[in-house]
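The values are calculated or read from the model by the stated rules, or taken from the named source; none is laboratory data. For clarity, every value in this text was computed on a predicted model and none was experimentally measured. Methodologically, a virtual Cβ is constructed for each residue, glycine included, from the backbone with ideal geometry; neighbour enumeration extends over all protein chains shown.
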Amino acid sequence: MGRIITVVNQKGGVGKTTTAINLAACLAAQGQKTLLIDIDPQGNATSGVGFDKTNSQQNIYHVMIGEIGLADVVQSTSFSLLDLVPSNTKLVGAEVEMVNLKERENRLKAALEQLKQDYQFLIIDSPPSLGILTINSLAATQSILVPIQCEYYALEGITELLNTVRLVKRNFNQSLKIEGFLLTMYDRRTRLSIQVANEIKNCFKDRVFEVLIPRNVSLGEAPSFGQPIIHYSKHSQGAKAYKSLAGEVLLRG
């Protein structure tokens, strides 16, 4: 059975989608059959692996409202062992349409049942919010990976997120655990990055991944080319960091 990991942080701009894309790609590159599930209406994980997010093809929206099964929307990417469940702005409407649906918090969990045996990893890119789509991601997953940007107010919103995680664990997913906290946009030349990294490590101890994701030009460029960093610039510091993250995730399994 595949390991399901949701990358989550309701605060935007922390490297959430970058992490989902590149963790999935690096796991695939290490021989793990991986499914990247984009459940963010922005659809950036979709475009980040080379798909047109403006395409009106069936996607995760149609799955969430019960029109079709998850297997019907899986797309093969151009990267070996990496598949995608795409998203686009249609998903915005799902929040409203799901209000009166039965078991609305468990729609994604139910959809994953037909596919989790087919993959070694399923990586979910959740929205930057704590709405019903994120609740679905938390209810469906085995663990969460929380990217935290190395800047002032780094811990802003984390308490709220962890409270939501506790509520979901109590009501929908008793086995939910924290995979780890990931420090992103780290700049070893600045005192601020060092201070924030130390603060996070003091707060969350061994639940913080050892690897630090650096500020890296190639990481910023890769999505515009529809490529994960290990394919866009495989020798960059960003590529090395996400390879290390994938290694840590494999070891923690």
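Details
- Restricting ALA197, ALA246, ALA241 to those that are outside any loop (DSSP other than H, G, I, E, B) and under 25 Å from LYS53 (Cβ atoms) reduces the list to ALA246.
- Test: residue in the range 1-13 that is buried (at least 24 other Cβ atoms within 10 Å of the Cβ) and part of a loop (DSSP other than H, G, I, E, B): yes
- Segments classed as strands (runs of 3 or more DSSP E), wholly inside the range 59-175, with at least 2 members that are within 18 Å of GLY43 (Cβ to Cβ): 82-85, 121-125
- Among residues of the range 193-208 that are farther than 12 Å from LEU155 by Cα, those with a Cβ under 6 angstrom from a residue that is of a type in the set (A, V, I, L, M) and surrounded by 14 or more Cβ atoms within 10 Å (Cβ to Cβ), sequence gap 6+ or separate chain, pair up as VAL208/ILE200.
- Restricting the range 32-58 to residues that are not β-branched (Val, Ile, Thr) and not in a loop (DSSP other than H, G, I, E, B), the residue that is farthest from PRO128 (Cα to Cα): LEU35
- Any chance VAL49 is under 15 Å from GLY226 (Cβ atoms), surrounded by 14 or more Cβ atoms within 10 Å (Cβ to Cβ) and either more than 17 Å from the chain's Cα centre (by Cα) or at pLDDT 95 or above (or both): yes
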